[in-house]
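Report on the following structure.
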Amino acid sequence: MFPLYWRTFLYVVLMARVVVAGTVSLHVLLTKRDVGASIGWIGIAVLMPFTGGVLYTMFGINRVHRRARKLIGRQSWHSRTLTSRWKRAEQGSFAPLADMVSKLTGRPLMTGNSIRVLHDGDEAYPQMLDAIANATTTILLCSYIFRNDNVGGRFVTALVDAHRRGVAVRVLVDGIGSGYFRCPVAHALHAAGVPVGRFMHSMLPWRMPFINMRNHKKILVVDGRVGFLGGLNIGQENLVASRPVHPVSDTHFHVEGPVIHQLTEAFAQDWSFVSGEDLHAALFFPDVSQRGETLTRIVTAGPDSDLEKIEYTMLQAITLARRSVRLMTPYFLPGERFLTELALAALRGVEVDIVVPRHSNHTLIDWARAANLPRFLDSGCRVWQASPPFNHSKLMVVDRHWTFVGSSNLDVRSLRLNFEINLEAYDDALANMLDDFVVRHRHDRLTHHDLDRRRLPIRIRDAGARLLLPYL
């Protein structure tokens, strides 16, 4: 017989295990939408209550969504973008998509915009720096990667100069992408008095789960009238013409017109989340005149109130495709829903082209991608490899009419965990230009034969990497 105090101790431990396992299970049942994830968390909690409870507390609870709901009620800038004039009949078969995205995002489709395509940092950086140099009222800059190199230094200098001449400057960098333990750019800006925030950054252990949630957006808005967005980070590697050691080609977009209010709104929401400051003053939302004829809209996504909105937009567009779907992405690891929609489109005769780099800058993702591709090939989708340099562009074109561009990659992390921003546009000229761009990068077609030639150890390695698909 155990002594009484040992029996009491064991009883307390047993009851604690039951309470922890029960609490985790109840929270999972009430908050998780994904059945597989729910079963996994409950299984861990039952088998290892204490360890599972700690892991769930750190990685399973979406505090971002809870915090976002608290912020919704006090943000007032959204009403500034609720005017739009467009004819539904003009969109033809894409009218249901335009209506659906309006309901999904709460943002209207805006008329009178101009969108120009910028390739690589060689073309984009001079225009961005020129806009900053000529700013008179406001500068809003958000970047996932903001390197402390020659290019980053030029942006820091330009931002500090603007701040010193009285421009209201706000800079937001990701807490991981621009350096977790040390962020020289943020320190330099802060030292110069420029308001700068680090998104989801904390050294506190109980806030470490936020390393899974990254602000992947790239936004620059100057004077509330000129905007830039796309896939381009700030770093020397994007100056492809200068022949850096690891060049990164990319596509960025210069935007003018009424949709700038939506771009400003997207930055303002993230800035408020990080700093608590609401950028709803007219200074940040000046009256904007029409600058072109493109119908366009901003779509944001993240593990908050915007959960999966970018993915839903893409899925609906694929459903409406009748002739072609072109996709160009640096990382291609979509989930089952995306796989199914692409497969169904290919099976009904839509020409589906997926262009990926021959080698990305993440080897593990390349391994997992190889194991994930056969199912796309089985359905008739065509997969192509683009030759170096590594292309970081994120482009989608449907029927040479509708385009969807921005920061979002085609992988589970980007579509579910990251905070992303994309722009949809209904413009034949823009769509034709980007469709041709994707087609020009169809250098080598991947076939079943190419994948079957992999040796058994390589296939096992790739299949193992694919198991990490939700976290890559």
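The values are calculated or read from the model by the stated rules, or taken from the named source; none is laboratory data. Computed from a prediction, not measured in an experiment: that's the story for all the values here. Reconstructed Cβ throughout: ideal geometry from the backbone, glycine too, with neighbour counts over all protein chains shown. Each accessible area value is taken on the protein alone, full model and side chains, heavy atoms only, with ligands, DNA and RNA left out. Shrake-Rupley method; radii C 1.70, N 1.55, O 1.52, S 1.80 Å.
Side notes on the structure shown:
- Rg/Rg_globular for the stretch 306-379, with Rg_globular taken as 2.2 N^0.38 Å and Rg from C-alpha atoms: 1.12
- Cα centroid of the stretch 17-43 to Cα centroid of the stretch 111-125, whole Å: 46 Å
- Förster radius 45 Å - calculated FRET efficiency between Ala133 and Asp436 (Cβ-Cβ, nearest 0.05): 0.85
- Å² of accessible area per residue within the chain, as computed with a 1.4 Å probe and no ligands counted: 44 Å²
- Per-atom-type breakdown for the chain gives carbon and sulfur 59% of the accessible area (1.4 Å probe, protein chains only).
- Shown here: the stretch 215-317, whose C-alpha atoms stretch 43, 34, 30 Å along the first, second and third principal axes, sorted largest to smallest.
- Around the amide H of Gly197, modelled in the peptide plane, lie the amide H atoms of Val171, Leu172, Val173, all under 5 Å away and 5 or more residues distant in sequence or on another chain.
- Computed extension gain for Arg182 through Leu55, at 0.36 nm per residue and net of the alpha carbon distance, reaches 43.1 nm.
- The listed residues Thr23, Thr294 rank as Thr23, Thr294 when sorted by accessible area, largest first, using a 1.4 Å probe.
- Bridge orientation summary for the chain: considering DSSP beta bridges with both residues in this region, about 65 percent are antiparallel.
- Alpha carbon centroid spacing (whole Å) that separates the stretch 335-377 from the stretch 396-442: 15 Å
- Solvent-accessible area of Tyr11 with every protein chain in place, 1.4 Å probe, in Å² to the nearest 10: 140 Å²
- Note on the chain: Cα-Cα pairs beyond 27 Å make up 57% of the total pair count.
- Debye log10 I(q)/I(0) for the stretch 260-393, one point scatterer per Cα, at q = 0.16 Å⁻¹: -0.98
- Take the Kirkwood radius over Cα pairs of the stretch 109-173, plug it into Stokes-Einstein at 37 °C and 0.692 mPa s, and you get 251 µm²/s for translational diffusion.
- Lysine pairs in the chain whose alpha-carbon atoms fall under 20 angstrom of each other, counting only those eight or more residues apart or on distinct chains, come to 10.
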